[in-house]
Amino acid sequence: MVNNMENLFLFFYTILGGYLLLYCTYFMITLIVGSLYKARYSNNLPIKDDRWLIVIPAYNPNATFLKVLDSISKYSPKNDFKVHVLFQEANQEIRDKAIANYTIDFDEKSFDPKLGNTYVQALKHINTSIKIKEDFTHVVLLDKDNIVDEYFFSTLAKIRANGYEYIQGKRLPLSLKNGVASYDAISEELNNVTLRNYKSAFKWMPELTGSAFIINSTFFSNGIENLDLKNPGMDKNLFLEWLLNSTSKIRSTYTDLALVYEEKTDDIKVLKQQRTRWFAEQYLTAFSYSKKLISKFIKTGRIEVLDYTISIFRPPRSIVYLLLPLFFFIERIFIPQYYLFLISLTLLFIGTTVFLIKRKLVKTFFNFILIAPQIVLSNIRSLSNIFNKKISGIFIHTERNN
């Protein structure tokens with residue numbers, strides 16, 4: 001009986017330890033490569049024939065939205081462009097000020113959550129109401145709170161001149177008010193390093209952030225047309241449409257020079273809602289597309305597809321950072337002859353240290369440490385909600401109190 005219990009314990013230890021060792025190895029590689037890689041582009045002349053459609057789905061916009069329009073007006077692209085705003089549940093005063101003070105095309109429409117993801121509905125509406133493929137060469141997608149940097153559009157134009165059809169920019173916090181906002185900022189930068197810069201180093205498609213990117217209008221239009229209304233998010237679904245269904249490889253890159261600034265949430269309740277949407281989108285998308293991804297890899301042999309398959313099944317980092325040290329202490333006390341958790345923790349520590357130092361986030365990290373247990377518990381609650389049928393097809397708007 002004792003031997004059977006020991007064997008069962010070792011079986012589960014091996015499964016869990018092997019899983020964490022795989023992903024800690026993967027985390028370390030992506031953290032180091034992504035932290036050290038620096039993209040370089042030629043100084044070619046901007047492409048004069050580019051015609052850009054700047055799309056802003058504006059759900060319940062507040063005063064920050066006017067700052068967004070102001071930044072676009074002040075630092076506008078040098079090539080032909082139009083700004084299209086889709087107002088949804090808009091405050092009348094904000095709406096009227098936007099129309100009166102800025103040169104925008106606009107539309108107004110509300111969407112029914114019963115029909116599925118309202119954000120996807122909004123994008124599909126824009127896609128069908130505008131002749132995107134005929135009238136524009138590229139689409140720039142911004143959120144209602146994305147205040148563009150002085151060099152955002154000029155940087156996109158410079159990189160476009162190198163022949164890139166999809167360029168993902170970088171989102172930065174306007175301020176870091178507390179540990180919650182610091183965590184949100186660190187999490188965003190971890191994603192930039194491991195899901196975007198790392199992939200750009202290998203000439204693969206960097207993952208979408210959901211906004212602050214430019215994409216060839218045909219790829220945008222075709223991808224939006226095929227989005228799933230039952231998916232609780234948008235970016236991973238759209239990214240997979242491009243990765244799996246594009247007839248040709250999209251020349252892509254991530255740049256940390258094309259910047260937009262946004263408010264990071266300082267409210268842990270809003271953070272919980274945000275993470276629920278992110279976790280739901282990640283894992284529901286992973287299970288829905290796993291067969292297609294594996295089939296695509298077998299047929300094409302593209303390492304990029306295999307890498308994304310591994311990436312999308314990754315465990316939540318915050319939970320790994322909390323539980324792995326605990327597992328390590330249990331391992332050292334009860335089964336010191338085994339080393340899976342020790343090796344995993346060492347790899348994670350190496351990758352994280354390189355990341356924090358190279359990205360100059362050590363101070364921000366210590367701001368986060370004070371509230372880390374509370375955030376991790378919030379993330380565990382969010383993770384437990386992802387298979388709730390009530391959120392299938394529901395886009396969870398995370399409104400900030402600003």
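The values are calculated or read from the model by the stated rules, or taken from the named source; none is laboratory data. Not measured: the values here are computed from a predicted model. Cβ: placed from backbone, ideal geometry, glycine included. Neighbour counts: every protein chain shown. Just so you know, the surface numbers come from the protein's heavy atoms only, side chains and all, with ligands and any DNA or RNA stripped out. Shrake-Rupley method; radii C 1.70, N 1.55, O 1.52, S 1.80 Å.
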Net charge of neighbours whose Cβ lies under 13 Å from the Cβ of L115, counting Lys and Arg as +1 and Asp and Glu as -1:
+2
Gain in span if fully extended, D107 to N7, counting 0.36 nm per residue against the direct Cα distance
29.6 nm
Roughly how many nanometres apart are two label points built 7 Å out from the Cα toward the Cβ at K133 and K78?
3.1 nm
At a Förster distance of 22 Å, what's the computed FRET efficiency of N162 paired with R302, Cβ-Cβ distance as r, to 0.05?
0.50
Report the chymotrypsin sites (Phe, Trp or Tyr not before Pro) located in the stretch 121-222 that are in a DSSP loop and have at most 15 other Cβ atoms inside 10 Å of their Cβ, or state none.
Y151, F202
At R0 = 30 Å, how high is the FRET efficiency between Y41 and Y321 if r is their beta carbon distance? Nearest 0.05 is fine.
0.30
Among the DSSP beta bridges whose two residues both lie in the stretch 52-266, what percent are antiparallel, rounded to the nearest 5?
30 percent
Test of understanding: what is the full-extension gain from Y151 to Q337, defined as 0.36 nm times their sequence separation minus their Cα-Cα distance?
61.4 nm
Please compute the modelled spin-label separation between K292 and F202, points set 7 Å along Cα→Cβ, answer in nm with one decimal.
2.1 nm
Quote to one decimal, in nm, the extra length available between S248 and D49 on full extension: 0.36 nm per residue of separation minus the C-alpha distance between them.
69.4 nm
Along Cα→Cβ, 7 Å out, is where each label goes; now give me the distance between the ones at K360 and K114 in nm to one decimal.
5.3 nm
Under the Kirkwood approximation applied to all pairs of distinct alpha-carbon atoms, what is the hydrodynamic radius of the stretch 52-266 in Å?
17.6 Å
With a cut-off of at most 13 other beta carbons within 10 Å, and DSSP calling the residue loop, which trypsin sites (Lys or Arg not before Pro) in the stretch 12-54 qualify? Please list them.
K38, R40, K48
Average accessible area per residue (Å²) across the stretch 1-131 - probe 1.4 Å, nucleic acids and ligands excluded
58 Å²
